[in-house]
Amino acid sequence: MKTIFKSIFVVLAALTISCSSDDNGSGGNSGFFLTAKVDGQNYSSFVTPTAVSVAGMLMIQSSASSGNSIQIQIANYDGVGTYTSGNNDLTDGYINYLLLGDTPTSFQTFTSVRGTGTVEITEVTETSIAGTFSATAPENTPGSTNQVSITQGSFRAELQ
């Protein structure tokens, strides 16, 4: 499962970087944002958060200036509504937090698949998607007892 998350992260990170060329890096001028508290610390997307909806799957990607990131995946996406994840069931989707380590190839991933997560989609337009989210996300390493608490999450992401 760790390999799957790494692969998904790489694809979504590339999508975020390639789709944000019109962003000036300020994170606030476009009206798009993704913010949360991760273990009580502020998280804010540095580049425009992007959302892609393909074949009933919604994926939202964000990256902070620190290199940390939050990814949200909703399986069986069907517009406005509340979606949950957890119970070690990857088919429900997830909320992931990637914590960058001391080197570019060193990081920890935390996932609501092993814990619990809730995403509420409150608005969908032709160009954006908005909502709130929260999660208890254990580290995605067998035997680890580390986890993060993601609270007060909200977003308005550019819909690709």
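The values are calculated or read from the model by the stated rules, or taken from the named source; none is laboratory data. Everything numeric in this text was worked out from a predicted model, so none of it was measured. Cβ: placed from backbone, ideal geometry, glycine included. Neighbour counts: every protein chain shown.
Across the stretch 97-105, a minimum of one residue is classified as surrounded by fewer than 16 Cβ atoms within 10 Å (Cβ to Cβ) and in contact with a strand residue (DSSP E or B) (Cβ under 7 Å, 6 or more places away or on another chain).
Among the residues of the stretch 112-144, those that are among the polar types (S, T, N, Q) and modelled with pLDDT under 95 comprise 140, 141, 144. Taken over the stretch 109-123, residues that are surrounded by fewer than 17 Cβ atoms within 10 Å (Cβ to Cβ) and touching a Gly at 6+ places or on another chain (Cβ under 7 Å) amount to 3. Enumerate the pairs (first residue in the stretch 133-160 and more than 19 Å from residue 93 (Cβ to Cβ); second residue anywhere and among the charged types (D, E, K, R) and crowded, with 22+ Cβ neighbours inside 10 Å) with beta-carbon separation below 9 Å, excluding pairs fewer than 6 apart on the same chain, so at least 6 apart or on different chains. Matching pairs, first to second residue: none at all.
Contact map, the stretch 73-91: first residue under 25 Å from residue 128 (Cα atoms), second residue surrounded by fewer than 16 Cβ atoms within 10 Å (Cβ to Cβ) and hydroxyl-bearing (Ser, Thr, Tyr), Cβ cut-off under 6 Å, separation 6 or more or different chains; pairs are 75/91.
Please verify whether residue 64 is without any contact (Cβ under 8 Å) to a residue 60 or more places away in the chain and over 18 Å from residue 154 (Cα atoms), treating the condition exactly as stated. Answer is no for this residue.
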